[in-house]
Amino acid sequence: MTVASTSIAAYREHQAAGKIGLQAQKILDTMLAGKDYSRRELAALAGLELSSVCGRVNEMLGIGLIEEGPPRKCKVTDKTVRPVSRIL
């Protein structure tokens with residue numbers, strides 16, 4: 001079993017158990033495969049408050065649905081951030 005298939009299985013289990021809330025799902029739906037996002041970029045794209053995005057990103061990092069990438073400049077704030085991307 002690959003890491004990707006394990007992540008997909010974990011995601012489906014969490015989703016079925018109701019552990020993936022509407023905000024987390026909205027964030028995941030916003031994220032394109034192969035692209036990374038700062039939390040501020042996700043907030044703007046998903047139409048959510050930054051605090052909500054930060055909380056959901058931390059949850060999804062904890063259960064392995066997303067991962068942090070190498071540091072880069074945020075397109076919104078121009079600050080150096082650790083962007084996140086989908087594992088699925």
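The values are calculated or read from the model by the stated rules, or taken from the named source; none is laboratory data. Quantities reported herein were computed from a predicted structural model and do not represent experimental measurements. Virtual Cβ from ideal backbone geometry, glycine too; neighbours counted across all protein chains shown.
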Considering residues that are among the charged types (D, E, K, R) and not in a loop (DSSP other than H, G, I, E, B), the number found within segment 58-82 is 5
By residue number, the members of segment 19-37 that are of a type in the set (Gly, Ala, Ser) and over 9 Å from the mean Cα position of the chain (by Cα) are GLY21, ALA33, GLY34
Against the definition (surrounded by 12 or more Cβ atoms within 10 Å (Cβ to Cβ) and either under 11 Å from the mean Cα position of the chain (by Cα) or modelled with pLDDT of 95 or more (or both)), how does GLU49 come out, yes or no? no
Scanning segment 64-76 for residues that are aliphatic (A, V, I, L, M) and under 13 Å from ARG86 (Cβ atoms) gives LEU65, ILE66
Per the filter on segment 62-87, residues among the hydroxyl-bearing types (Ser, Thr, Tyr) and in contact with a Gly (Cβ under 7 Å, 6 or more places away or on another chain) are SER85
Given the condition modelled with pLDDT under 85 and crowded, with 17+ Cβ neighbours inside 10 Å, answer yes or no: does some residue in segment 19-40 qualify? yes
